[in-house]
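K.L.:
Let me begin by handing over the structure; questions about it come next.
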Amino acid sequence: MKIVWFCIPAYGHTNPTVEVVRELVKRGHEIRYYSFEEFREKIEDTGAAFVSIDSYLPPLDEKSQDRLKRVSTTEMSVQSFETTARLDPVLAKELAEFQPSGVVSDSACFWGKLTAIKQNLPLICSTTTFAFNQYSSKYLRYSLSELADMALGLPRMNTAIRKLKPLGYQVRSALEIVQNSNDTNTIVYTSARFQPFSETFDSQHYRFVGPSVKDAPVTRQEGQRPLVYVSLGTVINERPDFYRCCVEAARGEPFDLLISCGKVFDPAALGELPENVRVEHYVDQMEVLAGANLFITHCGMNSASEGLYMAVPELLYPQTGEQQAVARRVCEMGAGRMLTKKEAQSPDDIRTAIRLALMDEELKKAALAMREDFRSCSGFKGAADFVEEVFG
């Protein structure tokens, strides 16, 4: 079977697909994965054929770059529609030569979804967040700036959509492309229990497979100093004031603190660190979580799920409306506690929150229950089964 896979340039959207692709390749299927140079090594390691599309991204001015850095829905949508147009002649030719059985596209990857529809190819949507419909979307809590961005950006999005129509793409709105349809075959990388209103999604078309992760043995042991791990993901992670508060919160405390700050922020800007604090650009997150006692997270679905998969209680510091939805659900499961914006600006409040979380037995029990729930799911093998079922 030949499969074409599309994804956006984001670790949280790419990482869950890696083990699924590896499994499909292992089963003898040929996969052509359209992605970005940053992910080449990760994708080629699965055995899939990597196809770079960096050169088809539209050029960005300073304002556009800044909006993307702030995860502007408008800017991401406009860039996605423009990328679709730039890729159109290339994909039409390559897919005609490759003759795939179907397309797997990330839910936020407009060019993948629209190409499948235009070329009349079977489509599976790869959803690395919650699946959102009229019921589960109630979990989204957008800030005033996010709402303003979406409202004021409508004219730009509509202009970009109109440019696609002469190319044969019939798009009425960005929402039509982003939202989860009950008629579209969809892999969701969480459990039915964790997904809000999972019963409202058609069981024939939706497969809740749980986190798609490569397992890591738990290494935390009784008697060891607790390890608190801090990560704000790979997108909105330039938060020097927050990192400084975390460092001061850990100073002189009987636990170790590890901060993963991403590629943009310079750890040297934090000055001399206490002996029990370490700051790195990147870490092997699953390996760290295997030994962690508490995870301070931005609540990206991928990160929050990896923490719970390893039974690590979480302090939740969401940065976007989507992350607010994940944080709310973690709280409802009893496996995490919200860190408010006010608390996040105070070393004393962060220190208190860490101390309370490390002592909270109910939090630990709930995290263990989430681990059992996630590990009872079919995982990447179940996702691969679904791909074979739909395209076979």
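Derivation of every value follows stated rules applied to the coordinates shown; laboratory data play no part. This structure is a prediction, so every number in the text was calculated from the model and none was measured. Methodologically, a virtual Cβ is constructed for each residue, glycine included, from the backbone with ideal geometry; neighbour enumeration extends over all protein chains shown.
K.L.:
If each DSSP helix of 4+ residues adds -39,500 (n - 2.57) and the sum is divided by the residues in the chain, what number results at 222 nm, nearest 500 deg cm²/dmol?
P.N.:
-13000 deg cm²/dmol
K.L.:
How large is the Kirkwood hydrodynamic radius of region 266-392, in angstrom, based on all distinct alpha carbon pairs?
P.N.:
Averaging 1/r across every pair of different Cα atoms and inverting gives 16.1 Å.
K.L.:
Go through K138/K341; K118/K214; K214/K364 and tell me which ones have a Cα-Cα distance over 31 Å in this structure.
P.N.:
K118/K214
K.L.:
Output the 0 to 90 degree angle, nearest 10, between the alpha-carbon long axis of helix 347-359 and the longest principal axis computed from the alpha carbons of the chain.
P.N.:
Taking Cα atoms only, the helix is inclined about 90 degrees.
K.L.:
Hey, another quick one. Say the dipole of the chain comes from +1 at the beta carbon of Lys and Arg and -1 at that of Asp and Glu; which of Q319, Y11, Y139 then lies farthest toward its positive end?
P.N.:
Farthest towards the positive end: Y139.
K.L.:
Give me the mean projected area, in nm² to one decimal, of the convex hull enclosing the Cα positions of region 143-279.
P.N.:
Mean shadow area of the hull around the Cα atoms is 14.0 nm².
K.L.:
What shape does region 318-371 have by the C-alpha gyration tensor, where a ≥ b ≥ c are the square roots of the eigenvalues, rounded means a/c under 1.5, and otherwise prolate means a/b greater than b/c and oblate the rest? Present the calculation step by step, with values, prior to reporting the outcome.
P.N.:
Details: a/c = 3.45, a/b = 1.12, b/c = 3.09.
Taking the square roots of the gyration eigenvalues as a ≥ b ≥ c, region 318-371 is oblate.
K.L.:
Using Cα springs under 10 Å in a Gaussian network model of the chain, which residue among D202, D284, D266 shows the largest mean-square fluctuation?
P.N.:
Greatest mean-square fluctuation among the candidates belongs to D284.
K.L.:
On a 0 to 90° scale, report how tilted helix 11-26 is relative to the longest principal axis of the chain, with both axes built from alpha carbons and the result rounded to the nearest 10.
P.N.:
That helix lies at roughly 60 degrees to the long axis.
K.L.:
Two-decimal Rg/Rh of the chain from alpha-carbon positions, Kirkwood Rh?
P.N.:
0.97
K.L.:
Here is a further query. Can you pull out the trypsin sites (Lys or Arg not before Pro) in region 319-373 that DSSP calls coil and that have at most 14 other Cβ atoms within 10 Å?
P.N.:
K341, K342
K.L.:
Provide, as a two-decimal number, the C-alpha radius of gyration of region 1-159 over 2.2 N^0.38 Å, N being how many residues it has.
P.N.:
That works out to 1.08 for region 1-159.
K.L.:
I would also like to ask the following. Would you please put 2-8, 376-382, 275-281 in order of how densely packed they are, using the mean number of other Cβ atoms within 10 angstrom per residue and starting with the highest?
P.N.:
2-8, 376-382, 275-281
K.L.:
Roughly what angle does helix 154-164 make with the longest principal axis of the chain, taking Cα atoms, 0 to 90 degrees, to the nearest 10?
P.N.:
Helix 154-164 and the main axis of the chain meet at about 40 degrees.
K.L.:
While we're looking at this one, here's another question. For the chain, modelled as a Gaussian network with Cα springs under 10 Å, which listed residue fluctuates most, M338, M310, M150?
P.N.:
Sorting by GNM fluctuation, first place goes to M150.
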